[in-house]
Amino acid sequence: MSGKLSNDLFSLWFQAPVVIALRSQNWAASLQAGTLNSNPELHRMVSEKTAAATESALALNAELMRHGMKSVQRFWLGRQSLSTASRVSTGLGQSVVAKSVRPFAKRVRANAKRLGKKRR
């Protein structure tokens, strides 16, 4: 597993619950103050998730397209037979996971940093 992928997965495993807890505290305070509807953190969370999902889908599709084009090129140039194509694509899974996880991990790290500063 690559270092970047390990770092991204660790961010999702460790920092995502911290972000959820900090946002929950923020919402509870807003609810108690009667300002939940105007809470910018709620709107930010929804827009960030949408943007991350879109970015992830685009990165995933681009990686699959890039790998597919390389496989077709190798096949047509005679460097790869159809029977060996599955063995050549062993790195595809890790590369696809890395590309699709990165947008979420990037936002989790930024949110943990930003929300952590607000508490100090």
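The values are calculated or read from the model by the stated rules, or taken from the named source; none is laboratory data. All values reported here derive from a predicted model rather than from experimental measurement. No Cβ is skipped: glycine too gets one built from the backbone with ideal geometry, and neighbour counts run over all protein chains shown. Heads up: the accessible areas ignore ligands, DNA and RNA and are worked out on the full protein's heavy atoms, side chains in. Shrake-Rupley method; radii C 1.70, N 1.55, O 1.52, S 1.80 Å.
Some notes on this structure:
- Restricting PRO17, PRO40 to residues that are free of Cβ contacts under 8 Å to residues at least 12 places away in the same chain, over 17 Å from LEU92 (Cβ atoms) and exposed (fewer than 11 other Cβ atoms within 10 Å of the Cβ) narrows the list to PRO40.
- Subset of segment 43-60 (residues that are out of contact with any helix residue (DSSP H, G or I) (no Cβ under 9 Å at 6 or more places or on another chain) and either hydroxyl-bearing (Ser, Thr, Tyr) or farther than 30 Å from SER95 by Cα (or both)): HIS43, SER47, THR50
- Just one of the numbered conditions (1) closer than 12 Å to VAL108 by Cβ; (2) touching a Phe, Trp or Tyr at 6+ places or on another chain (Cβ under 8 Å) is not true of LEU42: (1).
- Selection over segment 43-62 of residues that are within 22 Å of LYS117 (Cα to Cα) and open to solvent by 70 Å² or more (accessible area, probe 1.4 Å) gives a count of 4.
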